[in-house]
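The structure under discussion appears below in the form of structure tokens.
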Amino acid sequence: MPKPLKPYKSYDELVDLFRNHGMVIEDHECARRELERISYYRLTGYTFPFLEPDGKFKRGFSFQKRCGGSL
């Protein structure tokens, strides 16, 4: 039997998901706009080096570097 698909999440819910996993997000709107622009799945591919074994982000990992344009 096929595995059920994950339920749809809005961009705001995806920003909250990142935050709940320990990513520092100071500007929710900026993070939402970036997710709309580059997609959740593309962004998550670049976050793997910053994940701890428990699936949480390393302390201090911030989305703001993307928003400031200096990543």
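Each reported figure results from applying straightforward, stated rules to the coordinates on display, with no laboratory input. Nothing here was measured: the structure is a model prediction, and the numbers come from that model. All Cβ positions, even for glycine, are placed from backbone atoms using ideal geometry, and neighbour counts span all protein chains on display.
Scan the stretch 1-30 for residues that are closer than 16 Å to Gly60 by Cβ, in a helix (DSSP H, G or I) and touching a residue at least 24 places away in the same chain (Cβ under 8 Å) and jot them down.
Within the stretch 1-30, Phe18 is the sole residue that qualifies.
Looking at this structure, is Lys6 on the phi < 0 side of the Ramachandran plot, of a type in the set (D, E, K, R), surrounded by 11 or more Cβ atoms within 10 Å (Cβ to Cβ) and more than 10 Å from the chain's Cα centre (by Cα)?
Taking the combined requirement at face value, the residue does not satisfy it.
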